[in-house]
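Since the structure comes first, as structure tokens, the remarks are kept for the end.
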Amino acid sequence: MSNNKNSTLSVSQSLLSILARNWALLFVLVLILIFSFTGINFFSSKNFQNILHLSTIYLLLASSETFVIITGGIDLSVGFVMGLSSVLSATIMRELHAANFTPALSISIGSIVGLIVCIIPGLINGVLVTKYRVPPFISTLGMGGIASGITLVMCEGFPVTFLPPYLTAIGNGYLIYILPGKAISFFNRPEGIVGEELRKLIRIIPNSLMFNFVILFILWHILKNTKFGQHTYAIGGSMDAAVRAGINTNKHLIIIYVLSSFLAGLAGVFNVFQTGIGNFTPFTAMYELIAIAAVVIGGASLMGGKGRIFGSVIGVILLRTIENGLHLSGVDPFFRFIAVGLILIVAVVIDQLFPDLF
């Protein structure tokens, strides 16, 4: 009898652990069910693709925060570094295009320079945190202000426009285009489509989805299957133990902050491809806070040592689904801030109740 009770208790605990570990994913499914009834055209392939497409920059920022938070740090500069990358790369693209460089060369050089320059804030953050023992909160907050100031000086507070053609066609394009009964094409929509035919055109698999898959797979592999990933978790679990194990913690943390800044820069460059302009980051955008919320919702601990790329992806999708569903349901989108706050509190409570799950 005692064995049966123990077995039942063990099964119940296992089930509870599975639910707690995957609560964010389950909540996404519940939201999809609810919004399917309340939101006009919510449950459609077009809308789901739209959610994923518009999640691109948040997925990149959340991925950058995942690595930093696992080490027990935090990066409050990623949103502003993204803005710096966006404006800088767009400015270079514009000037080169005005100087009669080809669109391909203008876009390539602008993107590369934007990515390279945006490594610098991460390098400075890493040095301040490791060599000078500046708390990550202060270091990255200050760097965010510096990046924001440089961005505003460059663009004078206005978006950078008159960029080379084809940018948005790449950033907002799809892998497959189907005009029922007439044509099918890859990467570019069939030529000569206008009016009613354009509305009937079926678009499948956004370019951004493929881009996200490649980047996120690489980051997942690094974190899960490499020595670098193991050292990242070790540093977050116990800095002293990591040092005793022979890990060069200073070098590793510098690389972590450089990686975070690089991914933020990548988000900025992709934002140019999505919008066709260079966007500075206003203080009210809160990109970094939404990214941090997504990482925590995905199971990471702000104390360090825990976190998953997949969990952060689910956190981003959850937050974007809420925003999209509320909008299509006719609810004031400002309520999403209340929803995000409540969900974030739930995530922290679950982390405290089940500290060993993730």
- Task: Quick one: check the C-alpha center-to-center distance for region 45-118 versus region 288-358, whole angstrom.
- Result: 22
- Note on the structure: In terms of the alpha carbon gyration tensor, root eigenvalues a ≥ b ≥ c, rounded if a/c is under 1.5 and otherwise prolate when a/b exceeds b/c or oblate, the chain is oblate
- Ordered by packing density, taken as the mean number of other Cβ atoms within 10 Å over each peptide's residues, highest first, how do 123-131, 317-325 rank? 317-325, 123-131
- Task: Please give every one of the aspartates and glutamates within straight-line cross-link reach of LYS182, meaning a C-alpha to C-alpha distance under 14 Å, and leave out same-chain neighbours fewer than 8 residues apart.
- Result: GLU191, GLU196, GLU197
- Query: Ranking THR151, THR91, THR232, THR168 by Cβ neighbours within 10 Å, fewest first, what do you get?
  - Reply: THR168, THR91, THR151, THR232
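Over the chain, what is the relative contact order in percent, taking alpha-carbon pairs closer than 8 angstrom and at least six residues apart?
This gives 33 percent for the chain.
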- Note on the structure: So for R0 = 51 Å, FRET eff. of VAL127-LYS182 from the Cβ-Cβ r, to 0.05, ends up at 0.30
- Note on the structure: Most fluctuating of ARG133, ARG21, ARG308 in the GNM of the chain (C-alpha, under 10 Å) is ARG133
- Estimated distance in nm for a label pair at PHE217 and GLU191, the labels positioned 7 Å out from Cα along Cα-to-Cβ: 3.2
- Hey, can you list the DSSP H helices of the chain whose Cα span along the axis is 24 Å or longer and whose average Kyte-Doolittle score is at least -1.0? 2-21, 78-98, 136-155, 207-225, 249-275, 309-328, 335-353
- Take each of the peptides 275-281, 198-204, average the number of other beta-carbon atoms within 10 Å over its residues, and list them starting from the highest. 275-281, 198-204
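Which order do TYR132, TYR58, TYR233 fall in if you start with the one that has the fewest other Cβ atoms within 10 Å?
TYR132, TYR233, TYR58
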- Under unit Cβ charges (Lys, Arg +1; Asp, Glu -1), what dipole magnitude, rounded to 20 debye, does the chain have relative to its Cα centre? 680
- Query: Quick one: which of 185-196, 335-346 comes out on top by average Cβ neighbours within 10 Å, and what's the full order, highest first?
  - Reply: 335-346, 185-196
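Stretch PHE37-ASN22 to full length: gain in nm at 0.36 nm per residue minus the Cα-Cα span?
3.0 nm
Each value in this text was obtained by applying a stated rule to the coordinates, not by laboratory testing. Computed from a predicted structure; not experimentally measured. Cβ coordinates were reconstructed from backbone atoms using ideal geometry, including for glycine residues, and neighbour counts include every protein chain displayed.
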